[in-house]
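Worksheet for the structure shown next.
The values are calculated or read from the model by the stated rules, or taken from the named source; none is laboratory data. On a predicted model such as this, the values are computed, not experimentally measured, just so you know. Cβ placement follows ideal geometry from the backbone for every residue including glycine, while neighbour counts extend to all protein chains displayed. Surface areas here come from the heavy atoms of the whole protein model, side chains and all, with no ligands, DNA or RNA. Shrake-Rupley method; radii C 1.70, N 1.55, O 1.52, S 1.80 Å.
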Amino acid sequence: MFKNDSSLFYTCSLIEYIARKTKNHPKHVIKCLGDDLERIYEFEDVFHCEPIEKVADDFINRNDITRGNFDYISKCEYLVPSYWDIGKVFERLIEDCYVQEDVFNAIREVYNSWLADNIYNFNTDLYFQPRDYLAQCYKEGKILE
């Protein structure tokens, strides 16, 4: 239903950017965004015309997202993937696992999943795995060997 969805890609990337900037888990960012999650998705074509830093600041202030202590970046011993890279990982995972579902429910479910927590360990190569492998892991509820 939403294959190669640029709105989904931008939404996931913005969630990642806000999470890094505020040191919050992305699932907390989604919770704080509330209905603005839909606004971001619906108006991605407008928001992407502005620097992502400005858009993020606007949503952080608008939703009073305070600084947390979820620091998955400083724990990374290797090259940290960009927020665009991780946005793409989550976009594809949502696309592959929720073909006919409501996109906002799918975003919430994937970011609140056990697999999201594993993807955020950047000291593994899980985030770098092929999309079909990640989708299969998600569907089976475990890391496949």
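Rank-order 80-88, 31-39 by packing density, defined as the average count of other C-beta atoms within 10 Å over each peptide's residues, highest first.
80-88, 31-39
Under unit Cβ charges (Lys, Arg +1; Asp, Glu -1), what dipole magnitude, rounded to 20 debye, does region 72-145 have relative to its Cα centre?
140
Direction-averaged shadow area of the convex hull around the Cα atoms of the chain, nm²?
The directionally averaged projection comes out at 8.2 nm².
What does the accessible area per residue of region 53-131 come to in Å², with a 1.4 Å probe and no ligands, DNA or RNA counted?
Numbers: 4270 Å² over 79 residues.
Averaged over the residues of region 53-131, the accessible area is 54 Å².
Using only the alpha carbons of region 60-144, what is the convex hull's orientation-averaged projected area in square nanometres?
On the way: hull surface 25.8 nm².
Result: a mean projected hull area of 6.5 nm².
Per-residue HN-Hα couplings for region 89-94, Karplus 6.51 cos²θ - 1.76 cosθ + 1.60 at θ = phi - 60°, whole Hz, x for Gly and Pro?
Karplus-based 3J(HN,Hα) across region 89-94 equals 4, 6, 4, 5, 4, 5 Hz.
Could you size up the charge dipole of the chain around its Cα centre, putting +1 on the beta carbon of Lys and Arg and -1 on that of Asp and Glu, and report it in debye to the nearest 20?
440
Quantify, in whole percent, the carbon and sulfur part of the accessible surface of region 32-145 (1.4 Å probe; protein heavy atoms only).
Details: 3100 of 6500 Å².
The value for region 32-145 is 48 percent carbon and sulfur by accessible area.
Could you work out the local net charge near Leu144, counting Lys and Arg as +1, Asp and Glu as -1, over the other residues with Cβ closer than 15 Å to its Cβ?
Combined, the nearby Lys, Arg, Asp and Glu give -2.
Return the long-range amide H neighbours of Phe70 (sequence gap of 5 or more, or a different chain), with a cut-off of under 5 Å between placed amide H atoms.
Asn24, His25
Would you tell me the accessible area of Thr66, worked out with a 1.4 angstrom probe on the heavy atoms of the protein chains, in Å² to the nearest 10?
Looks like 80 Å² after rounding.
If you take the alpha carbon radius of gyration of region 1-77 and divide it by 2.2 N^0.38 Å, what ratio comes out, to two decimals?
So the Cα radius of gyration is 1.09 times the expected 2.2 N^0.38 Å.
With just the Cα atoms of region 100-145, tell me how far they stretch along each of the three principal axes, in Å, largest first.
That works out to 31, 17, 16 Å along the principal axes.
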